[in-house]
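First up is the structure itself, then whatever we jot down about it.
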Amino acid sequence: MNTATTTVNGHAGHHDGGHHPTGILRWLTTTNHKDIGTMYLSFALIMFFVGGIMILAVRAELFSPGLQLMQPEFFNQLIGVHALVMIFAALMPAATGFANWQIPLMIGAPDMALPRLNNWGFWLLPPAAILLTMPFVLALFGIGDGAIATGWTFYAPLSVQGGIGVDFAIFAVHILGISSILGSINIIVTIFNMRAPGMTMMKLPLFCWGWLITAFLLIATIPVLAGAVTMLLTDRHFGTHFFNAAGGGDPILFQHLFWFFGHPEVYILLLPVWGLMPHVLATFSRKPTYGYRGQVYGFIAIGILSVIVWAHHFFTAGMPVPALLYFMYSTMAISLPLAVLFFCWIATMWRGSMSFETPMLFAVGFIVLFGIAGLTGLVLADVAADAQYHHSYFVVAHFHYALFAGGIMGVMTGVYYWLPKWTGRMYSETLGKWHFWLTVLSFNLTFMPQFFLGLAGMPRRIPDYALQFAEFNAISTVGSFILGLSQLLFAWNIIQCARGRGAPAESRAWEGAEGLEWELSSPPPHHSWEVQPQVK
Amino acid sequence: MSETAVPARRDHGRLVGRLVLIVAASAAFGIALVPLYDTICRVTGLNGKTFSAGGLAADEKPLERVDRSRLVKVEFTGTVMPGLPWELRPLQNSVELHPGEMQQVAFLVRNTASEPVTGQAIPSVTPGQAAQHFHKIECFCFNQQVLAPGEAREMPLMFIVKPELDAEVRTITLSYAFFKAPESTPRKDGRT
């Protein structure tokens, strides 16, 4: 527990003005958690559009059967880089941006514990994003054959044989991994060491709990991924045979190593969102969060379970029956703590005096759509059913319900909820509501047909398909373009707030909001809590 | 930039050190998964891997016990992987035998290229739980094979299905994938 209580520095008052670097140097050298949070979030928003444009090109190709716009090689590059960009360069930085902005505000700390590490953690991201996308540009000049074309999973032996795009992606993953580990260490140290006096772990806001579990998952699994892609690199260039069957290795080993990281990664992406959800639901239901302890234990249980279920991603690769059964049952067991979270979210709203501002709309939409992701996940966890659905569009639809509706719509919930706090301005509620309804309708228009495509047997990762799939694909493509264009409303709303347009926000921007962050002005002062608050 | 009100700074170093230890431990775990995976495959037959290279282990007596109460069908198949200009087919598609009986079969392999080529066969047994009871005594997969231009050769395989095989397994499929041998030296631990 933090006993060092309130530290008042007489010098601190001057820090808002004067001797800070301005312009680009301010952003390059900043150690301020709010500046760094802003950079993470801006980077995530830009990469969200980069990844989005890639997949719109894919959907345009899939609008009708046959090859119209691109060759299969380029198609394969787009789907893989889309996934890597969305996961590592959009969703994860967005969550880290939330952590940077909110954790010090919520626990009553003046800043993150390790501010310089924090700066470095962010500035590793742009080079990684450039490494990931540069092979596209190099190919235009006749260097190499484009970006990684294996899908985001790097499966051997395809990735052993692939072109320079694979090497670029491997180094990008190394750098992104270092960034994530630095960010996680910083967050854990901040939460453990910097809490305001009186804030015990069981008074820690749920958002911080969610991020704490995410941070531990990151430092436990990212090194395994780094090891796996390093082995891939030595297989490609230095004559080792980790994944080469002819040389005594085993390509299936790569799948085990990858998914040992890859499955916890799903929860790494989702836990920060699950953490922020109760804050939003409680605020707009004007009731305390239901089942705080249950949710904390749910987070911990999911964190532990997530590292022991990885092989359900390749049930069809060949496994003994007992192993299949183990991975099936353990996967299904995750639905128990997750159901606890769902019931807590619903019970928080139960008989509350609810109002439906944009963050609440996104939160409720999240619960419904993420519920569909969970239920279809149970279908895929079933070994017998999975043999049918594996590698089909059913899987694509399932994980987009989890990662778009669960992940990205969760992030949007948080952005709308905290934007008044960050910018000091209220966003346009009208545009926000348009954004929500357009997003939720076009999202379902895009991905609901993909469930039926998968059930009908359409495999994923193909640029061309049989005629019988044409109608559903056309619907899905129309939906995806509406979905993509609707996000411009989101960007516009954020930009307007950042430019200082819109009504000024009060300290407590939402009537029912509880928590330390709402006791600071909107936007908060340069150093968040110079005098640590006392939590009773 | 001077850090202003950061309290309890002295605690951070120790906690950071512990967290870095976790990172190092999980990196080590990731690397340890490579031999661990082999061991688990050996014990469970995961992935249909057979590990009887070099015949029966030294402390194991040749099997005298033959289970005449049942017959097991063993099917043979093979694939030539891309990059290897060979043809491959088993001389018999399948044999029926009693568990414990020694059996010899052969694969016909032909080099269609106009230069000598070295290949390496990798076996796989289905179902996986039969793999640990499938013992190869002599196999062309134990070594790399060199074929002269246009040479065709019958490659022998001698094996025993151990009587411990689960009663529910009535058919075993043995599949060979023939790869072009990697250019660098094979791994020193003698695995094929």
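Of the residues making up the range A:218-235, not a single one is farther than 30 Å from residue A:146 by Cα and touching a Gly at 6+ places or on another chain (Cβ under 7 Å).
Among all residues of the range A:44-61, there is at least one that is among the basic types (Lys, Arg) and either part of a loop (DSSP other than H, G, I, E, B) or in contact with a helix residue (DSSP H, G or I) (Cβ under 6 Å, 6 or more places away or on another chain) (or both).
Here residue A:275 qualifies as buried (at least 23 other Cβ atoms within 10 Å of the Cβ) and either under 13 Å from residue A:218 (Cβ atoms) or away from chain B (no Cβ under 14 Å) (or both). Report yes if residue A:125 is hydrophobic (A, V, I, L, M, F, W, C) and crowded, with 22+ Cβ neighbours inside 10 Å, otherwise no. Yes. Considering each residue of the range A:293-312 in turn, at least one proves to be within 12 Å of chain B (Cβ to nearest Cβ), in a helix (DSSP H, G or I), touching a Phe, Trp or Tyr at 6+ places or on another chain (Cβ under 7 Å) and within 26 Å of residue A:387 (Cβ to Cβ).
Scanning the range A:499-534 for residues that are surrounded by 15 or more Cβ atoms within 10 Å (Cβ to Cβ), over 14 Å from residue A:110 (Cα atoms) and not charged (D, E, K, R) returns A:502, A:505, A:507, A:509, A:510, A:512, A:513, A:515, A:518, A:522. Taking helices (runs of 4 or more DSSP H) as the structural unit, those lying wholly within the range A:84-142 and holding at least 1 residues that are away from chain B (no Cβ under 14 Å), more than 18 Å from the chain's Cα centre (by Cα) and under 18 Å from residue A:532 (Cβ atoms) correspond to A:92-107.
Among the residues of the range A:501-519, those identified as hydrophobic (A, V, I, L, M, F, W, C) and either in contact with a helix residue (DSSP H, G or I) (Cβ under 6 Å, 6 or more places away or on another chain) or within 14 Å of another protein chain (Cβ to nearest Cβ) (or both) are A:505, A:509, A:510, A:513, A:516.
Filter the range A:275-332 for residues that are free of Cβ contacts under 8 Å to residues at least 12 places away in the same chain and more than 25 Å from the chain's Cα centre (by Cα) and give the result. Break it down stepwise before answering.
Quick first cut of the range A:275-332, residues free of Cβ contacts under 8 Å to residues at least 12 places away in the same chain only: A:304, A:319-322, A:326, A:329.
Correct list: A:319, A:320, A:321, A:322, A:326, A:329.
Does the range B:150-164 contain any residue that is within 14 Å of chain A (Cβ to nearest Cβ) and either at pLDDT below 85 or within 18 Å of residue B:89 (Cα to Cα) (or both)? No, there is no match, as no residue in the range B:150-164 is within 14 Å of chain A (Cβ to nearest Cβ) and either at pLDDT below 85 or within 18 Å of residue B:89 (Cα to Cα) (or both).
Would you please name the residue that is farthest from residue A:421 (Cα to Cα), looking only at residues in the range A:497-530 that are among the aromatic types (Phe, Trp, Tyr) and out of contact with any Leu (no Cβ under 8 Å at 6 or more places or on another chain)? Walk me through it before giving the result.
Within the range A:497-530, the first condition is being among the aromatic types (Phe, Trp, Tyr), and the residues that meet it are A:510, A:518, A:529.
Applying the additional criterion that residues be out of contact with any Leu (no Cβ under 8 Å at 6 or more places or on another chain) yields A:510, A:518.
On the way: A:510: 10, A:518: 8 Å.
Among residues in the range A:497-530 that are among the aromatic types (Phe, Trp, Tyr) and out of contact with any Leu (no Cβ under 8 Å at 6 or more places or on another chain), the one farthest from residue A:421 (Cα to Cα) is A:510.
Scanning the range A:398-432 for residues that are touching a helix residue (DSSP H, G or I) at 6+ places or on another chain (Cβ under 8 Å) and among the polar types (S, T, N, Q) yields A:413, A:423, A:428.
The values are calculated or read from the model by the stated rules, or taken from the named source; none is laboratory data. This structure is a prediction, so every number in the text was calculated from the model and none was measured. We place every Cβ from the backbone using ideal geometry, glycine too, and count neighbours over all the protein chains shown.
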